[in-house]
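Peer 1: One structure is given below, represented as structure tokens, and several questions about it will come after.
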Amino acid sequence: MIEFQKVYFSYKEGDSSIKDISFLIKPGECTILCGKSGSGKSTILRTVSGLAPVFYEGILQGKVEVDKLVPAGLESEERAKLFGVVFQDPRSQFFMNTVQDEICFAAENIGASPNKIKEMLYEVSEFIGIRDLLSRNIDELSSGQKQKVAIASSLILQPKVLILDEPTSNLDIQGSKVLIEIIKKIKDKGISVVISEHRLDSFKEVADRFLYINKGKLDEIWTRKEFENLSDEKLLSLGLRPKTVEKKANNDIENDKEPLLDIRSLSFRYKKTNSGIDNINLKLYKGEVVSLLGNNGAGKTTLCRVISGLLREKTGTIKYKGKISNCNLRNKFCYFVMQDADYQLYSDSVSGEIAFGKKVTEKVKEKLIESLNTFKLMELKDRHPASLSGGEKQRVTLAAAYCSEADIYILDEPTSGMDGDGLCAIIRWVKLLAEKGKIVIIITHDLLLAEATSNKFIYLEEGEQVKEGRNII
Amino acid sequence: MNMINDKLKMKDVITLSIFNIAMIVIMLVTKICTMMLTTPAFDYLFYVGIMGLLCAPIFVVMSNKVAKRGTYLITGIFGGLFITVMGSPWFLPVMIVIGIVCEIIMMGEDIYRNPKRNGIAYSVYWALYALGSAIPMFFFKEQYLNSLKDSYTEEGIKTLVRFYGSWDMLLLIVVITIVLSAIGFIVGQKLMKKHIEKAKLV
Amino acid sequence: MRKLDNRTYIILLAVSTVFWFLFYKNNQIHLSVVLNALLLIYIREYKKAIKFAITYIMMILLACLFAGKIALMYIVLNMLARSIPIIMVVTCIVSGNSSELMSSLQKLKIPKPIIVMICIMIRFFPVLSKESVAIRNGMKARGIFSGWQDYVKHPFLAYECFIIPLIIRCIKLSDELGATAELRGLNADKNRTCIYDVRFGLKDVFAVIVYGTVIGLIYFGA
């Protein structure tokens, strides 16, 4: 179905970003591309669909064939029929406002007959299991539902190849499971599936092969069996996410008499949707790392926004060092690292970013150099933050957080879209912060991260605290 | 640069649309702020100028990213469509004319990367926008003055007439707008050099 | 849902704009607000009809309050109130279905780039508004510019901190959206079809005639 022979591709300026790639994918096969961030996975996906060099300009060498056609030479219409593509960010791929229109969009564009589109619409929505969502507004959906709509709309023209770019990065655990089931069904239809992904472990049921890309080259190919036999050390040395991590040793920190942060019966509701959090009670001590777990929409981010002072609590109190503190005060001692690093980078260089908003004194300089070293940013210190990769950006925001005077750090999905190196690095830094006596609150679906760093786990469900414990349940 | 490369593609239309929406968000916030926080007189004299000042960095990046003929025209149409949505459909043809005028200023090869010419066209764009938005003031002048007759002294009405719908006031607005949008453009160029070009995003 | 064709709304918009320029009394504007509220009720947008009516009444009342004191305020409020009847007609188009709208505009031979622009505007205006709120929150979350005093002290820096992430987000959004468009056939050189039945029917002719007559009566009668 897909044939690559000695393919090279280089963007307008700079070296080739993929070199000498050859592989063959049969119909109905599921192939996972893995590798460190920036290794060229997305470029391969782009050359498969012909977006590189048609949309992303550059030079392509070698033979790329999909279903005996050359993707780069296809008309827009033919390309739409041959490929279904789902990008990582659901915000930037929907054109229409309702689910039904969105799914039909591609078919309408290439001028298929309305009756045929309707037939396909019902077939596809039945197949993916979103029949009940058809009349809903896209913006009301959860991220798992959005993902399903994106897949459904890419399947409407019955493509031969489905390409998914980091599909699990916005999904919760439940959502990932559903996704795997859908991919299984798609494979059974004889559609080849190509996925670029970091969380490999969850795909081992459906993946037929894993292609390991390193610095633009295809270094290794594993079958499912071979992948299952790979050891964690090997995965880590390749920069991939391991299957398990060492659990954090549970030394008791709670000997401290007084909690640093004491949250009592905290509630908040959004006016518009009336969703929110109810009656949250939490005691956090110096040096504690807490993982907030739960499905999307359970209120994890809302809780953290209230704690960090971005939202004003409705009822309940938050005591900091024994004193009640209002939201303006909390804003001073909390540091919230958002999931999307783009919103929190303002300066024109990494070092400027870390020292942002501070008067440059000798003391700040020292701290700056210290944090550049601990976060391994020395080489990047003069680069513009926007030119960095996702993982590097996340590292810059963490370094800036480290440099600030805050006592409580909140990380929102810090490992989404991150490779093994990034995961390990974050684990190290979270531990470092905890050693300094700071409180770290992590919102995450990533059980590896939670297990490796936290000594307290809190489960939220529909805005309520359902479970709390010292181990993952 | 050959002809094929100079035509707007779908990709460019999408880029222009997204950036224009960002500009419109800023324009909307500006208008609301000047209306709520300042006096009506200040609002009347300055709001278009401030829009030109604040939107400039977005426009500079957009025009350098697309760098094809039609940027001003599309911006004009887009602005006009939005103003239609906000309740003044008559402004759409005005905006299209403004767009065409700016396209005429931008005649020439690869001119969008020439900051001087682009800056002139940008200032003209906002100056004409200010002129255009004063049209209803001229239309409904009589009506407003009539309705004020009972509750106002002749003196007060005279000052109002001087303020609204007099040509020298309009000239003042145009000058303010040109100055502010030119400043904005220069700042925009600087910001683009400092950030966007450094990050190699254009 | 009872609906008229988008082309009907466009005709109604043109008609009401022309009369908008011709109206010379406030009574005429009052009556056209009533007429457009009836239009919204006819297409079963009850909530919107009520919302607009209330907004309009509030503005007129406020304007009356200011009339004797601040003439400028009176004029500004009147200008705003005046645009409400037009916004009501536009609402019919914008709050409808974009797929139908694209199809209607295509039948009017509007060039494709403009159709795409309108479609993106309807979809992405709320998205970008949310982005700007997110950037504002990002600043707050990092603990910079947390109070209004900081804005007064460093207005330029604050502006830079807001505009740069916004531009970077725009670049990313437009790149990804462009790629999506390419893959979903938006570039295809074909006439778009539509799963809905887009037709200019009897109902539409009837609506145009009634609307035109009533607005004419308002102009000559009031």
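Peer 1: If residue A:72 meets every condition in (1) over 17 Å from residue A:4 (Cα atoms); (2) surrounded by fewer than 24 Cβ atoms within 10 Å (Cβ to Cβ); (3) not basic (Lys, Arg) apart from one, which number is that one?
Peer 2: For residue A:72, the exception is condition (1).
Peer 1: Any idea which of (1) more than 14 Å from chain C (Cβ to nearest Cβ); (2) outside any helix (DSSP H, G or I); (3) free of Cβ contacts under 8 Å to residues at least 24 places away in the same chain is the one residue A:319 doesn't satisfy?
Peer 2: Just one mismatch for residue A:319, condition (3).
Peer 1: Suppose we filter the stretch B:154-175 for residues that are under 20 Å from residue C:75 (Cβ atoms), more than 14 Å from chain C (Cβ to nearest Cβ) and in a helix (DSSP H, G or I); how many remain?
Peer 2: Count: 5.
Peer 1: Across the stretch C:94-108, which residue is nearest to the other protein chains (Cβ to nearest Cβ) among those that are of a type in the set (A, V, I, L, M) and within 9 Å of residue C:122 (Cβ to Cβ)?
Peer 2: The initial filter retains those residues of the stretch C:94-108 that are of a type in the set (A, V, I, L, M), namely C:94, C:101-102, C:105, C:108.
If we keep only those that are within 9 Å of residue C:122 (Cβ to Cβ) as well, we get C:94, C:101.
Working: C:94: 6, C:101: 10 Å.
Only one residue fits best here, namely C:94.
For (1) in contact (Cβ under 8 Å) with a residue 24 or more places away in the chain; (2) of a type in the set (Asp, Glu); (3) assigned by the TED database to the domain that holds residue A:418, each residue gets a yes or a no:
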residue	(1), (2), (3)
A:278	yes, yes, yes
A:282	yes, no, yes
A:308	yes, no, yes
A:327	no, no, yes
A:336	yes, no, yes
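Peer 1: Also, I was wondering about something else. Go over the candidates A:190, A:216 one by one and state the one that is surrounded by 15 or more Cβ atoms within 10 Å (Cβ to Cβ) and outside the structural domain of residue A:446 (by the TED database). Let's see the steps before the verdict.
Peer 2: Values: A:190 fails: surrounded by 15 or more Cβ atoms within 10 Å (Cβ to Cβ).
Only one candidate passes the filter, namely A:216.
Peer 1: Here's another thing I want to ask about it. Here are some residues: A:92, A:113, A:154, A:125. Which one is touching an Asp or Glu at 6+ places or on another chain (Cβ under 6 Å) and of a type outside the set (Val, Ile, Thr)? Walk me through it before giving the result.
Peer 2: Values: A:113 fails: touching an Asp or Glu at 6+ places or on another chain (Cβ under 6 Å); A:154 fails: touching an Asp or Glu at 6+ places or on another chain (Cβ under 6 Å); A:125 fails: touching an Asp or Glu at 6+ places or on another chain (Cβ under 6 Å).
Sole residue among the options that is touching an Asp or Glu at 6+ places or on another chain (Cβ under 6 Å) and of a type outside the set (Val, Ile, Thr): A:92.
Peer 1: If the requirement is being free of Cβ contacts under 8 Å to residues at least 60 places away in the same chain and either out of contact with any strand residue (DSSP E or B) (no Cβ under 7 Å at 6 or more places or on another chain) or under 27 Å from residue A:8 (Cβ atoms) (or both), which of these qualifies: A:247, A:234, A:215? Walk me through it before giving the result.
Peer 2: Numbers: A:247 fails: free of Cβ contacts under 8 Å to residues at least 60 places away in the same chain; A:215 fails: free of Cβ contacts under 8 Å to residues at least 60 places away in the same chain.
Just a single option satisfies the conditions, and that option is A:234.
Peer 1: Next question, about the same structure. For the stretch C:1-116, give me every one of the helices (runs of 4 or more DSSP H) that falls completely inside it and has 1 or more residues that are in contact with a Leu (Cβ under 6 Å, 6 or more places away or on another chain). Quick ask: steps written out before the conclusion?
Peer 2: Values: elements: C:6-22, C:26-42, C:46-67, C:71-94, C:98-107.
Result: C:6-22, C:46-67, C:71-94.
Peer 1: Counting only residues that are among the charged types (D, E, K, R) and under 18 Å from residue C:117 (Cα atoms), give me the helices (runs of 4 or more DSSP H) lying completely in the stretch B:8-107 with at least 2 of them.
Peer 2: On the way: elements: B:10-37, B:40-66, B:71-85, B:91-105.
By residue number, B:10-37.
Peer 1: Right, here's the next one. For the stretch A:384-397, what are the residues that are touching a helix residue (DSSP H, G or I) at 6+ places or on another chain (Cβ under 6 Å) and either basic (Lys, Arg) or under 23 Å from residue A:436 (Cα atoms) (or both)?
Peer 2: Step one: filter the stretch A:384-397 for residues touching a helix residue (DSSP H, G or I) at 6+ places or on another chain (Cβ under 6 Å), giving A:385-386, A:391, A:393-394, A:396-397.
Across the stretch A:384-397, the qualifying residues are A:393, A:394, A:396, A:397.
Peer 1: I would also like to ask the following. Take the residues of the stretch A:54-65 that are under 13 Å from residue A:18 (Cα atoms) and of a type outside the set (A, V, I, L, M, F, W, C): which is nearest to the chain's Cα centre (by Cα)?
Peer 2: Looking at the filtered set, the residue picked out is A:58.
So that you can scan it fast, the table gives a plain yes or no per residue for (1) in contact (Cβ under 8 Å) with a residue 12 or more places away in the chain; (2) charged (D, E, K, R); (3) within 23 Å of residue A:105 (Cβ to Cβ):
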{"site": "A:29", "(1), (2), (3)": "yes, yes, no"}
{"site": "A:33", "(1), (2), (3)": "yes, no, no"}
{"site": "A:47", "(1), (2), (3)": "yes, no, no"}
{"site": "A:53", "(1), (2), (3)": "yes, no, no"}
{"site": "A:56", "(1), (2), (3)": "yes, no, yes"}
{"site": "A:59", "(1), (2), (3)": "yes, no, no"}
{"site": "A:64", "(1), (2), (3)": "yes, no, no"}
{"site": "A:75", "(1), (2), (3)": "no, yes, yes"}
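Peer 1: Quick check on residue A:95: is it at pLDDT 90 or above, within 24 Å of the chain's Cα centre (by Cα) and facing another protein chain (nearest Cβ under 7 Å)?
Peer 2: Working: at pLDDT 90 or above: yes; within 24 Å of the chain's Cα centre (by Cα): yes; facing another protein chain (nearest Cβ under 7 Å): yes.
Here the answer is yes, as residue A:95 does meet what is asked.
Peer 1: Of the residues A:415, A:397, which is away from chain B (no Cβ under 14 Å) and assigned to a loop (DSSP other than H, G, I, E, B)? Walk me through it before giving the result.
Peer 2: Numbers: A:397 fails: assigned to a loop (DSSP other than H, G, I, E, B).
Sole residue among the options that is away from chain B (no Cβ under 14 Å) and assigned to a loop (DSSP other than H, G, I, E, B): A:415.
Peer 1: Would you say residue B:86 is of a type outside the set (Lys, Arg) and modelled with pLDDT under 85?
Peer 2: Numbers: of a type outside the set (Lys, Arg): yes; modelled with pLDDT under 85: yes.
When the stated conditions are applied, residue B:86 passes them.
Peer 1: Okay, moving on. Quick check on the stretch A:124-145: of everything there that is away from chain C (no Cβ under 14 Å) and over 21 Å from residue A:299 (Cα atoms), which residue is surrounded by the fewest Cβ atoms within 10 Å (Cβ to Cβ)?
Peer 2: Of everything passing the filter in the stretch A:124-145, A:132 is surrounded by the fewest Cβ atoms within 10 Å (Cβ to Cβ).
Peer 1: Oh, and also: What are the residues in the stretch A:379-406 that are more than 13 Å from residue A:344 (Cα to Cα) and of a type in the set (Gly, Ala, Ser), if any?
Peer 2: If the condition is that a residue be more than 13 Å from residue A:344 (Cα to Cα) and of a type in the set (Gly, Ala, Ser), then A:387, A:389, A:391, A:404, A:406 are the ones that fit.
Peer 1: Can you name the condition, by its number, that residue A:311 falls short on among (1) more than 13 Å from chain C (Cβ to nearest Cβ); (2) not in a strand (DSSP E or B)?
Peer 2: (1)
Peer 1: Which of the residues that make up the stretch C:1-27 are surrounded by 20 or more Cβ atoms within 10 Å (Cβ to Cβ) and more than 19 Å from the chain's Cα centre (by Cα)?
Peer 2: Matches in the stretch C:1-27: C:23 only.
Peer 1: Next question. Please list, ordered by residue number, the helices (runs of 4 or more DSSP H) wholly in the stretch C:117-222 having 3 or more residues that are within 23 Å of the chain's Cα centre (by Cα) and free of Cβ contacts under 8 Å to residues at least 60 places away in the same chain.
Peer 2: Numbers: elements: C:148-153, C:155-183, C:202-221.
Correct list: C:155-183.
Peer 1: Go through (1) crowded, with 20+ Cβ neighbours inside 10 Å; (2) more than 30 Å from residue A:103 (Cα to Cα); (3) within 10 Å of chain A (Cβ to nearest Cβ) and name the single condition residue C:147 misses.
Peer 2: The one condition residue C:147 does not meet is (1).
The values are calculated or read from the model by the stated rules, or taken from the named source; none is laboratory data. The structure displayed is predicted, hence computed values, not measured ones. Neighbour counts are summed over all protein chains in view; Cβ atoms, including those assigned to glycine, are modelled from backbone coordinates with ideal geometry.
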